[in-house]
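First up is the structure itself, then whatever we jot down about it.
The values are calculated or read from the model by the stated rules, or taken from the named source; none is laboratory data. Everything numeric in this text was worked out from a predicted model, so none of it was measured. Virtual Cβ from ideal backbone geometry, glycine too; neighbours counted across all protein chains shown.
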């Protein structure tokens, strides 16, 4: 059917009675979800890594929880992609309860590893470096 504008020009018209009724909330359940895979992998040791890199989820989440923006995280870890960091942070926020045990285990393993190697401790590191410099 042709309609005419106020200026007399022909226009294609869509009549309200010919339009599909608005979708109700229940129609959303029948939609096909579109999503990208979360760029998060778990290595042979059970450690989550971001975007196919060696950067761990722990590092990204710790930085994020300290208030570091995704852009700054990507600048610090240049192998990361910004979109991957945003996706991983979003996934972490949505599933933080499920990740709680994983982060507790990782922190415990880190403490045990540092306790077994006191030479890696940052305490006294400056003094050890200065002492090494004096002996050279």
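Side notes on the structure shown:
- Condition met for residue 44 (out of contact with any strand residue (DSSP E or B) (no Cβ under 7 Å at 6 or more places or on another chain), outside any helix (DSSP H, G or I) and more than 18 Å from residue 106 (Cα to Cα)): no
- Here residue 44 fulfils each of the conditions (1) exposed (fewer than 14 other Cβ atoms within 10 Å of the Cβ); (2) in contact with a helix residue (DSSP H, G or I) (Cβ under 9 Å, 6 or more places away or on another chain) apart from (2).
- Some residue of region 126-136 being touching a helix residue (DSSP H, G or I) at 6+ places or on another chain (Cβ under 6 Å) and either assigned to a strand (DSSP E or B) or surrounded by 11 or more Cβ atoms within 10 Å (Cβ to Cβ) (or both): no
- Any hit, region 94-103, residues being part of a helix (DSSP H, G or I), touching a strand residue (DSSP E or B) at 6+ places or on another chain (Cβ under 8 Å), at pLDDT 95 or above and surrounded by 15 or more Cβ atoms within 10 Å (Cβ to Cβ): yes
- From the options 51, 90, 67, residue that is modelled with pLDDT under 95 and either under 26 Å from residue 35 (Cβ atoms) or surrounded by fewer than 11 Cβ atoms within 10 Å (Cβ to Cβ) (or both): 51
- Restricting region 47-65 to residues that are assigned to a loop (DSSP other than H, G, I, E, B) and touching a helix residue (DSSP H, G or I) at 6+ places or on another chain (Cβ under 8 Å), the residue that is farthest from residue 88 (Cα to Cα): 47
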